[in-house]
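To keep things clear, I will list the structure first and then write my remarks on it.
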Amino acid sequence: MVSITTRDASVDFPIFDAKSRSLKKTVLGVVGGNIDSGAKVPVIQALHEVTVDLEDGARVGLVGHNGAGKSTLLRLLAGIYEPTSGTAVVHGKVAPVFDLGVGMDPEISGYENILIRGLFLGMTRKQMEKRVDDIAEFTELGDFLSMPLRTYSTGMRVRLALGVVTSIDPEILLLDEGIGAVDAAFLEKARDRLGDLVARAGLLVFASHSDEFLRQLCTSAIWMEHGRIKQQGSLKEVLTAYKGPEAWPLEKGHGAA
Ligand SMILES: Nc1ncnc2c1ncn2[C@@H]1O[C@H](COP(=O)(O)OP(=O)(O)OP(=O)(O)O)[C@@H](O)[C@H]1O
């Protein structure tokens, strides 16, 4: 059974001022065992005492202004960051989709990249071999799939990445919005696949600034502000509180509490 639980989880980023206290000096200090003799390093509190309980089947949207802590929370849930204090316990295999380009190698072909990216997202080679034709068809990249990725335009890369990402079977799907550089017609096509992907996922957490995407994919939401949870609840409740009633133009079929 997949689940995510955090208790008062905080994430701090110490900021080493290059002038007064270089990273090199600080590291040497640690090695030498004489660090922290009263010297204070400024710290950015990216997350502050965040407590969430997410169960199998949850479809959670993360909302909040730039710098509110959404990406940091996703990285905490992915196990990329350890909490500085508090706890974060994740049961299930995480597929982190933060940056569509991550794990792509410019020197190898589109086909090979499909395989590699799939493995990175927790699929097996056999599973990916079965899906490669479907992905190829979706991307509409044709003969380009045999060419090295460096010959692709940005939009072509996004098509490839979206094709792979939407083909996986994730237990826990962590999505950071980054679906910009494709043309509208293709995005429409990706939207259906994205919906199917989320339907297959055990648990979804999706950070987004798009009400439309949130309404399509999520039923509940967490509103982050200055690294803290400001509100958790149904998507409708939270989105309306965050953005006002105009964030909920449709009354039917979306995220009822
Ligand atoms: N690696 C880092 N080092 C230092 N500070 C960081 C780091 N990552 C994030 N922060 C800080 O933590 C805070 C939260 O950032 P985060 O990226 O989680 O926000 P966000 O809600 O995802 O924003 P956006 O909507 O702009 O993507 C910000 O103040 C940011 O400056």
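All of the numbers you see were taken from the coordinates with simple rules; none came from a lab. None of these values were measured; they are calculated from a predicted model. Quick reminder, even Gly has a Cβ in these numbers, built from the backbone with ideal geometry, and neighbours come from all protein chains shown.
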Name the one entry in Asp134, Asp105 that is of a type in the set (Asp, Glu) and part of a helix (DSSP H, G or I). Asp134
Go through the stretch 77-117 and give me each residue that's in contact with an Asp or Glu (Cβ under 9 Å, 6 or more places away or on another chain), more than 23 Å from Asp134 (Cα to Cα) and charged (D, E, K, R). Lys93
Determine whether Leu214 is within 16 Å of the ligand (Cβ to nearest atom) and closer than 22 Å to Ala78 by Cα. yes
Criterion (within 30 Å of Lys70 (Cβ to Cβ), surrounded by 19 or more Cβ atoms within 10 Å (Cβ to Cβ) and touching a residue at least 60 places away in the same chain (Cβ under 8 Å)) met by exactly one of Leu149, Leu162: Leu162
Can you find a residue that is over 29 Å from Ile116 (Cα atoms), of a type outside the set (Phe, Trp, Tyr) and near the ligand (Cβ under 9 Å from one of its atoms) anywhere in the stretch 68-77? yes
Does any residue of the stretch 87-95 turn out to be within 16 Å of the ligand (Cβ to nearest atom) and under 29 Å from Phe213 (Cα atoms)? yes
Select from the stretch 102-120 the residues that are small (Gly, Ala, Ser), crowded, with 16+ Cβ neighbours inside 10 Å and under 17 Å from the mean Cα position of the chain (by Cα) and list them in ascending order. Gly118
Could you count how many residues in the stretch 44-67 are more than 8 Å from the ligand (Cβ to nearest atom), assigned to a strand (DSSP E or B) and under 26 Å from Gln216 (Cα atoms)? 10
